Structures are given as structure tokens and as C-alpha cells.
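The values are calculated or read from the model by the stated rules, or taken from the named source; none is laboratory data. Everything numeric in this text was worked out from a predicted model, so none of it was measured. Cβ placement follows ideal geometry from the backbone for every residue including glycine, while neighbour counts extend to all protein chains displayed.
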Amino acid sequence: MSKRILIAGLFHETHTFVDDTTGLEDFQIRHGDQLLACAGDASPLGGVLEFAQQQNWKIIPALDCRATPSGTVTDEVMEKWWSDFRKTWQPDCDAIFLVLHGAMVCESFADVEGEVLGRIRTLPEAQEKPIFGAFDLHANFSPAMAKHADCLVAYRENPHTDARESGVRAAELLLRHFETGQLPKTTLRQLPVIWAPTGTASADDPMRSLEKCARKLEGDGLWVINITAGFAFADTPNTGLSFQAISISDDDSALDELESITLGLREKGCRIDEPIENVMPKICKSVTGLTVLVEPADNIGGGAPGDCTGCLRALITHGIDNAGVCLNDPEAVRKLEEIEIGEQIVLPLGGKGSRLDQGPLDLKVKLLSCGSGRFELENKQSHLASMCGDFFEMGPCAVVQHGGVRILLTTNKTAPFDLGQWRSQEINPEELNVIVVKAAVAHRAAYDPIAARSFTVDTPGPCSSNLNQLPYRKVRRPIYPLDD
């Protein structure tokens, strides 16, 4: 008899230190056939749906809600999700599968995922239902998540090239449950460590050694070990690094070795970026090929506004030629729609989304193009694909020129994880001398293959790698290196 699986998604990485809030209008919400239409796309949900179809499982679509990383989520969003989920609840389902982020915070709940999992367990006949799912490597995993879920599987790669694969891995383990009758439990261990995103690349230590060790320890009754790096830009009781052992036993001794590795390598995860003015003399010495200037303080994938002006100011001040910068500035786009291609106008660009930035930069610019911001992702395994599937909507866009710098202006925040963003606006990134990337690590899958060199710099902005700048108040654990 075909298994009946209720599937839902709730995906948002919440930056609690920025001023903006994230409302219902900021989320893409899919119900019913819209959710089912994701089958086969590049997201974790797409992978799970495709796997379920291959197993002839009957899918009960609840809802899927996703938004770009940003500020604290309004309670309305969580209550809307919960109301719709409850309406679709079917007590005779065989399992629940959730696609989560793991670092979502709303106005009343610092642990949204733990809250909704707890609520699900109160539904009729839900207490004994297996709850499986997938979640982001940067989750702030909570005791409530461990208590109420049976098997949540984290991404293993950062950049998140395995997001879809992680959803499929979790679905395969649900199949294992059906075939064996075994139902694992989750043992959580939280570590006294918080690393900024720049310290959590899976190709580098400490994450490289932790992931390697975790794979070695898995097997037999130990189904999965998650290395959950945490999301440093959320002030919650559960912020920070954690491990989860998904096992059919209560033995968590396998986590001891991982904890020992963490304590030995924790300083490698504490990255302090070099001030941009120290790096600009190197940028001024041109090389053959593309120079990537990484600006993690304005990391769109971490919830920053994507309009900070630190790198743009430096490029202009130093007269850098053939450079490209993308700013999220819907006000500028609207003003540029009023003039003709080739005309010039003075505009206040960027600097509107964070009080940490120097503010808007008044520039005389020439309009090169205006157009749609829809593009198909070139890399269907990118972090952006895990968030949106195969296509992304930047909203109306404009490209302007000031001196030697081309500036792509978007209406919707667009994490710079796919080169299709530039090519959709008739800019070939390989032909630029310098390009600014507002990210921390997740851009590397797209930009490392085309870069001759890369510099990560510190500029004003809400996602600085220097965590000493953040006013943590709710974190329960000692924070390394802040309290060391």
C-alpha cells in the first residue's frame, strides 16, 4: 500500500541585528499544485518530491514558504504557516517531511522551527508520526528541534552545493524507516563556539575536518551526524555550532571526538577580514583576469541589505577601471525608468538599508540599460538554487556607468551565487577586471572558477566577520572568542 507523506516547507535565515522586518509579502508561498510543481527542480523540496514520486508515495502538499535572508519575521508569517498547515493535516498520513532552514526568528519566537515542530506534535494522532526533513548547515539547532523531530538532515557543503542532495538523503532515510521499522532519535550537543559565515567554508578547517570525521563515524545504528555551523547573526539562546547524532540508540559518545576537534581548531573558524583600504593598493596593481572583491559585511545571503557602499566608494576613490558592482536599490531603478537609455542623471545610490553604512553615495551616472531581472540559474546546485529552484526574480533592473564602474541596480535583493545574474543584463563577468561580491562563502562555487585572485575585505555593514561588534544579549552559551 502506497505511503502517504505530508510535505511542507518553511525557509528563512533571520538576521536579528538589522532594522528591517520580514513580512508575509516578502515570502513566496506555494500551496497544493504549486508546491507539487517544484518536483525535479534544484531545491531540496524539488529533490524530495521527485524521490517520493519514484517510490510511488502519495504526496499530501501542505504549503511551502520561502524568503531571502533578512530581518526578524513578523508573527503573522508564522501564524499563517501554522494555520495553513493545520488545515491540511491528515491524521492518517504515514509521515511528515519538512524542508526547513533552522535559523528562523519571528517577533515572539526565537526558535520558530522548534515551535512549529512542537505544535505539530499536538495535532490529532501526530505524536507518533515520524517527522523527517532537511535543513541548512547554518541552522541554530535547538533542543526543541531535537525533541520533536526524528530525523532532520543538514547540508554538508558550504557553499551549499548539496542542498537538493540533502533533501534526497533525508527522504532515503525515511524509506529506510519504512523498510526496517526502525525510528531513530536525535541527540543534540551544543558547543561553546560561534563562527561568522566566513569561517564555515566546508573546503577549509575547521568544517573540513569536522565533516570528514562525521562521515567516518556514521554507520550501523548511527544513521547520520550533522555538523551544524550555526548562524552568527541571530541573537537567540541556541545561536552557534552544534552536532546532532541521528541514531537508534542513546549513545552519543561519537560526538566526543567531534567536540575535541572543534576545541582544537576553533581559532581557525574565527576570521577577521582585512580593512578594504589595506587591500586597495593590491587591487590597483592590475593582473590578467578577474579580481573578486568579497564584501561579507554586506552579505545578502546572510540578511544584509545588499546596498552598502564601502566597496563602491573604494573603487571610485582609487579610480578602478572596468569594474562591476551590484546594489539592491529599488528607488534608483524607479527613477531610472523615467529617463532614456544614454541619458545621465545624478542619483543617491545605495546606503539606505543599514545604519552601519556611510549612507547614499551621490553619483552622476549614465543609463546603459533597463529590463527584467528574471534569469535562469546556470548552476542548479548553487546555494541560490536551494533557495529558489531553477529561476530567480531580481525584479526590474537597471545598469548604469560611473567612471570605470558599471553598477547593476536591482529591485529585489539577489544573493550573488550565480553568474546568470550578470549575463541576464548583458554583462559578462569574465570580461571585468574587478567585481564586487556581497557574500561570505556561498559565492565561491560560481566565482572561484573564473577568478584570477580574490580578496575578502572588511567594510561597514551588518554582517561583519568581527562578531565583537554585535550586541548579543540572548545567547546562553559562552561565546568563543568573545568571552575567552
Looking at (1) at pLDDT below 95; (2) of a type in the set (S, T, N, Q); (3) under 21 Å from the mean Cα position of the chain (by Cα), which is the only condition S372 fails?
(3)
Are any of the residues in the stretch 292-308 without any contact (Cβ under 8 Å) to a residue 24 or more places away in the chain, under 30 Å from A245 (Cα atoms) and not charged (D, E, K, R)?
no
State the number of residues belonging to the stretch 345-390 that are of a type in the set (V, I, T), more than 14 Å from L409 (Cα to Cα) and crowded, with 19+ Cβ neighbours inside 10 Å.
0
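Residues checked against (1) farther than 16 Å from G167 by Cα; (2) over 20 Å from the mean Cα position of the chain (by Cα); (3) among the hydroxyl-bearing types (S, T, Y); (4) at pLDDT 95 or above:
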| site | (1), (2), (3), (4) |
| --- | --- |
| R4 | yes, yes, no, yes |
| L10 | no, no, no, yes |
| V18 | yes, no, no, no |
| T22 | yes, no, yes, yes |
| Q34 | yes, yes, no, yes |
| A42 | no, no, no, no |
| A52 | no, yes, no, yes |
| I59 | no, yes, no, yes |
Is there a residue in the stretch 277-285 that is part of a loop (DSSP other than H, G, I, E, B) and among the hydrophobic types (A, V, I, L, M, F, W, C)?
no
The one condition D307 fails out of (1) in a loop (DSSP other than H, G, I, E, B); (2) closer than 12 Å to A439 by Cβ; (3) touching a Leu at 6+ places or on another chain (Cβ under 6 Å) is (2)
In the stretch 345-360, the residues that are assigned to a loop (DSSP other than H, G, I, E, B) and over 14 Å from R313 (Cα atoms):
K352, G353, S354, R355, L356
Subset of the stretch 304-321 that is touching a strand residue (DSSP E or B) at 6+ places or on another chain (Cβ under 7 Å) and closer than 19 Å to W422 by Cβ - its residue that is surrounded by the fewest Cβ atoms within 10 Å (Cβ to Cβ)
I320
Boolean, L419 is over 23 Å from G46 (Cα atoms) and out of contact with any Ser or Thr (no Cβ under 8 Å at 6 or more places or on another chain)
no
Hey, V437 more than 18 Å from the chain's Cα centre (by Cα) and buried (at least 23 other Cβ atoms within 10 Å of the Cβ) or not
no
Test for P192: is it within 20 Å of A110 (Cβ to Cβ) and over 16 Å from the mean Cα position of the chain (by Cα)
yes
State whether the residues of the stretch 124-136 include one that is surrounded by 20 or more Cβ atoms within 10 Å (Cβ to Cβ), in a loop (DSSP other than H, G, I, E, B) and not aliphatic (A, V, I, L, M).
yes
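Return the residue satisfying two criteria in turn: it lies in the stretch 378-402 and is of a type in the set (A, V, I, L, M, F, W, C), out of contact with any helix residue (DSSP H, G or I) (no Cβ under 8 Å at 6 or more places or on another chain) and touching a residue at least 60 places away in the same chain (Cβ under 8 Å), and of such residues it is nearest to H12 (Cα to Cα).
Our first condition is that a residue be of a type in the set (A, V, I, L, M, F, W, C); within the stretch 378-402, this holds for 384-385, 387-388, 391-392, 394, 397-400.
Then drop every residue that is not out of contact with any helix residue (DSSP H, G or I) (no Cβ under 8 Å at 6 or more places or on another chain), which leaves 384, 387-388, 391, 399.
Subsequent filtering for residues that are touching a residue at least 60 places away in the same chain (Cβ under 8 Å) retains 387-388.
Details: M387: 9, C388: 12 Å.
Only one residue tops the list, namely M387.
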Do we find that G342 is over 26 Å from T21 (Cβ atoms), at pLDDT 95 or above, in a loop (DSSP other than H, G, I, E, B) and of a type outside the set (D, E) in this structure?
yes
What single numbered condition from (1) β-branched (V, I, T); (2) within 26 Å of the chain's Cα centre (by Cα); (3) loosely packed, with under 15 Cβ neighbours inside 10 Å fails to hold for T262?
(3)
Filter the stretch 151-189 for residues that are surrounded by fewer than 20 Cβ atoms within 10 Å (Cβ to Cβ) and of a type in the set (S, T, N, Q); which is nearest to the chain's Cα centre (by Cα)?
T187
Six or more apart or on different chains, Cβ atoms under 8 Å: show the pairs whose first residue is in the stretch 260-277 and free of Cβ contacts under 8 Å to residues at least 12 places away in the same chain and whose second is assigned to a helix (DSSP H, G or I) and surrounded by 18 or more Cβ atoms within 10 Å (Cβ to Cβ).
none
Which ones in the stretch 324-339 are not in a loop (DSSP other than H, G, I, E, B) and not hydrophobic (A, V, I, L, M, F, W, C)?
G324, N328, P330, E331, R334, K335
Would the stretch 203-213 turn up any residue that is within 16 Å of F135 (Cβ to Cβ) and surrounded by fewer than 22 Cβ atoms within 10 Å (Cβ to Cβ)?
yes
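Quickly run through the stretch 220-253 and pick out the residues that are small (G, A, S), touching a residue at least 24 places away in the same chain (Cβ under 8 Å) and on the phi < 0 side of the Ramachandran plot.
Within the stretch 220-253, G221, A229, A232, A234, S242, A245, S247, S249 meet the criteria.
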